[in-house]
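A.B. asks: Structure below; questions to follow.
The values are calculated or read from the model by the stated rules, or taken from the named source; none is laboratory data. None of the values given here were measured: they were computed from a predicted structure. With ideal geometry, Cβ positions are generated from the backbone for all residues, glycine too; neighbour counts draw on all protein chains shown. Ligands, DNA and RNA are stripped out before the accessible areas are found, and what is left, the full protein with its side chains, is counted by its heavy atoms. Shrake-Rupley method; radii C 1.70, N 1.55, O 1.52, S 1.80 Å.
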Amino acid sequence: MSLTIHVGAHKTASTHLQQTLRGLIPRMLAAGTHYSDVHHWRGGPARLTVALGEGEDAARLRKRLRRRLDVTAATWPEMVISEENILGSLRRESLMGRGNLIYPEARRRMGRLCGMLRHRPATICLAVREPCDFLTSAFSMQVMGGHELVLPDYLGGFDPARLSWTDLARRLLSLRGVARLVVWAYEDYAAVRPQILSAILPQALADRAGDPPPAIVGLSQPAYREVLALTLDRPDADLARIAREAKSRFPRDAGAEPLNLIDEATAARCRAAYGADMAQLARLPRTTLLRASGQ
């Protein structure tokens, strides 16, 4: 049985990739591939993110989902799972840990999923992104959810330039059941998308993939300015509603000013650190870094 797990990360075109794969479900089933994503794992009794958490209720849910996964593995020759909340969430405490650790609970959560899958050898697919852009985009989503308003409060002392995707990859590779990693940069997503699909699917299916329009889009700079103006001194303001309305008035369409909340000195440190981090990632054992043609 072949097992592939796409774990995001968040804000790296995961939704676009999931929409692409979802469009192939009839062909995947006919070819013997079982596919599941956020539509299957975030509602009803099969809430995977809950099962990967702490406590007795989570442990009981893991047992139920293990039986479900056993049946799936026994029935289908190939299994593909795509769910970025496996690593954690975009909430501050779940995304950024002490020591500038990104997704601090990722190893524990992924280890639980590997256990639910009986430690069958899995290929883990992971997309990464330049740290300042990644954290700014994550913050934008938290503003739209009504959870955050000011970036420094969200970061809580986390230094974007010290974010290490290589460290996250090493934590995942250390787990029993993780056979290999396939990694790509969000910045290269459009260029390497055929390679991504070929890493997840048989080539005959990858060749039939469509290309849906962009999925989740964050706040523009003008939209965020409006959110600040309407909420900063109003603790009782409905932040989520105001953010939705501001996003509608100032959409992130072509030519719109992108959200830019990090000073240039920090942004320069991030770019340099990201380049070095990607070079380290490429040298990890059992890791394939997908690159755009000519790189």
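A.B. asks: Scan segment 1-58 for residues that are without any contact (Cβ under 8 Å) to a residue 60 or more places away in the chain and among the aliphatic types (A, V, I, L, M) and jot them down.
C.D. replies: Passing the criteria: Ile25, Leu29, Ala30, Val38, Ala46, Val50, Ala58.
A.B. asks: Taking into account only those residues within segment 172-221 that are open to solvent by 40 Å² or more (accessible area, probe 1.4 Å) and of a type in the set (S, T, N, Q), which is farthest from Leu21 (Cα to Cα)?
C.D. replies: Ser174
A.B. asks: Could you count how many residues in segment 11-34 are touching a Ser or Thr at 6+ places or on another chain (Cβ under 8 Å) and open to solvent by 10 Å² or more (accessible area, probe 1.4 Å)?
C.D. replies: Within segment 11-34, residues that are touching a Ser or Thr at 6+ places or on another chain (Cβ under 8 Å) and open to solvent by 10 Å² or more (accessible area, probe 1.4 Å) number 2.
A.B. asks: Go through Leu113, Leu126 for me and flag whichever is touching a residue at least 12 places away in the same chain (Cβ under 8 Å) and either in a strand (DSSP E or B) or surrounded by fewer than 21 Cβ atoms within 10 Å (Cβ to Cβ) (or both).
C.D. replies: The unique qualifying residue is Leu126.
A.B. asks: For segment 151-182, enumerate the residues that are in contact (Cβ under 8 Å) with a residue 40 or more places away in the chain, more than 12 Å from Ile102 (Cβ to Cβ) and assigned to a loop (DSSP other than H, G, I, E, B).
C.D. replies: The answer is Gly156, Ser174, Leu175, Arg176, Gly177.
A.B. asks: Identify the single condition in (1) under 28 Å from Ala282 (Cα atoms); (2) open to solvent by 10 Å² or more (accessible area, probe 1.4 Å); (3) in contact with a Lys or Arg (Cβ under 8 Å, 6 or more places away or on another chain) that Arg108 does not satisfy, given that it satisfies every other one.
C.D. replies: Result: Arg108 fails condition (3) only.
A.B. asks: Working only within segment 242-271, note down all residues that are open to solvent by 70 Å² or more (accessible area, probe 1.4 Å), assigned to a helix (DSSP H, G or I) and touching a residue at least 24 places away in the same chain (Cβ under 8 Å).
C.D. replies: Correct list: Arg244, Arg249, Arg269, Arg271.
A.B. asks: Right, Ala237: outside any helix (DSSP H, G or I) and either within 24 Å of the chain's Cα centre (by Cα) or surrounded by 15 or more Cβ atoms within 10 Å (Cβ to Cβ) (or both) or not?
C.D. replies: Taking the combined requirement at face value, the residue satisfies it.
A.B. asks: Which residues, taken from segment 137-150, are under 20 Å from Ala215 (Cβ atoms) and either open to solvent by less than 30 Å² (accessible area, probe 1.4 Å) or assigned to a helix (DSSP H, G or I) (or both)?
C.D. replies: Ser137, Ala138, Phe139, Ser140, Met141, Gln142, Val143, Met144, listed by residue number.
A.B. asks: Related question: Looking only at segment 43-89, which residues are charged (D, E, K, R) and under 14 Å from Arg108 (Cβ atoms)?
C.D. replies: Result: Glu54, Arg62.
A.B. asks: Please go through segment 28-71 and pick out each residue that is in a loop (DSSP other than H, G, I, E, B) and farther than 23 Å from Gln203 by Cβ.
C.D. replies: Across segment 28-71, the qualifying residues are Arg42, Gly43, Gly44, Pro45, Ala46, Arg47, Leu52, Gly53, Glu54, Gly55.
A.B. asks: Continuing with the same structure: Restricting attention to segment 203-227, which residues are without any contact (Cβ under 8 Å) to a residue 12 or more places away in the chain and outside any loop (DSSP other than H, G, I, E, B)?
C.D. replies: Matches in segment 203-227: Gln203, Arg225.
A.B. asks: Looking for something farther than 19 Å from Arg193 by Cα, touching a residue at least 60 places away in the same chain (Cβ under 8 Å) and in a loop (DSSP other than H, G, I, E, B) - is there at least one such residue anywhere in segment 72-81?
C.D. replies: yes
A.B. asks: Follow-up. Pull out all pairs, ordered by first then second residue, where Cβ-Cβ is under 8 Å, the residues are six or more apart or on different chains, the first lies in segment 275-295 and is open to solvent by 60 Å² or more (accessible area, probe 1.4 Å), and the second is among the charged types (D, E, K, R).
C.D. replies: Close Cβ pairs satisfying both conditions: Arg286/Arg180; Arg291/Asp188; Gln295/Asp188.
A.B. asks: Does Leu163 qualify as being on the phi < 0 side of the Ramachandran plot and in contact with an Asp or Glu (Cβ under 9 Å, 6 or more places away or on another chain)?
C.D. replies: yes
A.B. asks: Further question: Return yes or no: is Ile86 among the β-branched types (Val, Ile, Thr), under 23 Å from Leu168 (Cβ atoms), in contact with an Asp or Glu (Cβ under 8 Å, 6 or more places away or on another chain) and open to solvent by less than 20 Å² (accessible area, probe 1.4 Å)?
C.D. replies: Answer is no for this residue.
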